[in-house]
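In what follows, a single structure is set out as structure tokens and then discussed.
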């Protein structure tokens, strides 16, 4: 039995992993897919204090509270920021890192530092109506979600605290002790950051790289493929 911890991306919630969770549970694996503070079933906790450190603490706190060890830790999109910090704080508990079409930060970078300036400018502008507090979700169509699931994804999306996007991450480098690292690209989703990370890692012997059919939300579009890679990790 393996413990899997799945961290969702911006504007989503633990609900987006349900197809992956169901498959892993059916195989006998313990799987945790919590919603980050202010999102999903924790949207009621949204306030101006929520930042990336809050959401990092969501995952480190869950891992230590349940006494999880030998974890396969997977982060989707913005969730790549979170899992990197979690592995940096709890490297002895993480056996593998899986970046699912995700961002891979360096110490001192914010999420905005890992994406083209256009996105930072757009999200900052979109946050103006909320007084610079939150960013409304991008549409499921923009993320390449299959047509059948777009309404479901759009209906469940929540505004994301802007502080999570512009707060620099603090890394000691301890996360590098986790040498079982996987990067999974959704080639059909044209994003310069995710394609850039894949191109950076595909010839790096310290990484294993994979591609999967589907849009950016691979856990929605291709849960079987995601499960296969998680089991390899």
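Every read-out reported here was derived from the displayed coordinates using simple, explicitly stated rules and does not represent laboratory data. Keep in mind that what you see is a predicted model, and the values were worked out from it rather than measured. Neighbour counts run over all protein chains shown; Cβ positions are idealised from the backbone, glycine included.
Could you please rank 229, 128, placing first whichever residue has the fewest other Cβ atoms within 10 Å of its Cβ?
Details: 229 19, 128 9.
Ranked by crowding around the Cβ, least crowded first: 128, 229.
Counting other C-beta atoms within 10 Å, which of 226, 178 has the fewest, and how do the rest follow?
Values: 226 27, 178 21.
Ascending number of Cβ neighbours within 10 Å: 178, 226.
What is the fewest-to-most order of 193, 49, 35 by other Cβ atoms lying within 10 Å of their Cβ?
Values: 193 18, 49 12, 35 22.
Ranking 193, 49, 35 by Cβ neighbours within 10 Å, fewest first, gives 49, 193, 35.
Return the equivalent ellipsoid semi-axes of segment 109-206 as a descending list in whole Å, where each equals the square root of 5 times an eigenvalue of the C-alpha gyration tensor.
Taking √(5λ) for each Cα gyration eigenvalue gives 27, 20, 13 Å.
Between segment 92-132 and segment 13-49, what is the C-alpha centre distance in whole Å?
Cα centres, segment 92-132 to segment 13-49: 19 Å.
Given 20 °C and 1.002 mPa s, how large is the Stokes-Einstein diffusion coefficient of the chain in µm²/s, with Rh as the Kirkwood radius over Cα pairs? If you can, show how the numbers build up before the last one.
Numbers: Rh = 17.5 Å.
In µm²/s, the coefficient rounds to 123.
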